[in-house]
Amino acid sequence: EKALDNAASREEKARWEYLTGQLYALAGQHETAIAFFEQTIRHTLNPVLEVYARLSAIRQHKGDEKAIEANLAALLKMARRDRYVGYRDIIYFTAAQMELERNNIAGAKALLQKAAHYSNAASPSSQRTKAYLLLADLSYREKLFSDAKSYYDSVTTTDIALLSEKDFTDRKAILSKLVAQSEIISRQD
């Protein structure tokens, strides 16, 4: 914190403010952490750092519904700006995580679908994989097996390091059988 005045650039200062906020969050000093995350948001020119600073600030506001709503609205507004076009997948994924923290599963699923949609060749494919895996897991928990199967089918297997490959292939195989049998039942009924 004392070294912030020695930062060589505005962006470096924003990065240091973010790191300081993380340290305060780990120490349990949530109000101070929020202050540093908000400074990061004001000072950074890097959209990815801004998104993660907003997410970190929200995690400090656990019970404050107004603060979560304000940050969620700011993220969605950011996603509509031309400046952030290349980062829409990260922004929507982060917004979906915020909705999950509020237990809004339907809102999170809609945002995850947008995150997967806006993933492009320039962004890491693991971002798309994360979105589809989370969509698949949410659908699986809601017992929407057909949806879960289609989301698992959309996962790029080269990025499967996000979970164990054996668990992934096992769940995918089980869902294939289950959905096939479910389609037979619905067709014959």
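The values are calculated or read from the model by the stated rules, or taken from the named source; none is laboratory data. Please read these numbers as outputs of a predicted model, since none were measured by experiment. Note that we place each Cβ from the backbone using ideal geometry, even for glycine, and neighbour counts take in every protein chain shown. Remember, those area values only see protein heavy atoms, side chains included, never the ligands or the DNA or RNA. Shrake-Rupley method; radii C 1.70, N 1.55, O 1.52, S 1.80 Å.
Structural remarks
- Some residue of region 137-144 being assigned to a helix (DSSP H, G or I) and either modelled with pLDDT under 85 or in contact with a Ser or Thr (Cβ under 8 Å, 6 or more places away or on another chain) (or both): no
- When Tyr92, Tyr24 are screened for being aromatic (Phe, Trp, Tyr) and under 23 Å from Arg141 (Cβ atoms), only Tyr92 passes.
- Residue pairs meeting the criteria (Cβ under 7 Å; at least 6 apart or on separate chains; first over 13 Å from Tyr84 (Cβ atoms) and in a helix (DSSP H, G or I), in region 36-55; second open to solvent by 40 Å² or more (accessible area, probe 1.4 Å) and of a type in the set (Phe, Trp, Tyr)): Phe36/Tyr24
- Number of positions in region 8-23 that are more than 20 Å from the chain's Cα centre (by Cα) and open to solvent by less than 70 Å² (accessible area, probe 1.4 Å): 8
- Only one of Gln113, Gln97 that is open to solvent by 80 Å² or more (accessible area, probe 1.4 Å), within 25 Å of Ser154 (Cα to Cα) and modelled with pLDDT of 85 or more: Gln113
- Going through (1) part of a helix (DSSP H, G or I); (2) under 17 Å from the mean Cα position of the chain (by Cα) one by one, Asn103 falls short only on (1).
- Qualifying residue in region 24-46 (condition: under 15 Å from the mean Cα position of the chain (by Cα) and modelled with pLDDT under 90): no
- Only one entry in Ser154, Ser150 is at pLDDT 85 or above, farther than 18 Å from Glu99 by Cα and surrounded by 12 or more Cβ atoms within 10 Å (Cβ to Cβ), namely Ser150.
- In region 60-85, the residues that are open to solvent by 10 Å² or more (accessible area, probe 1.4 Å) and touching a Phe, Trp or Tyr at 6+ places or on another chain (Cβ under 9 Å): Gln60, Leu76, Val85
- Any hit, region 174-188, residues being surrounded by 14 or more Cβ atoms within 10 Å (Cβ to Cβ) and at pLDDT below 75: no
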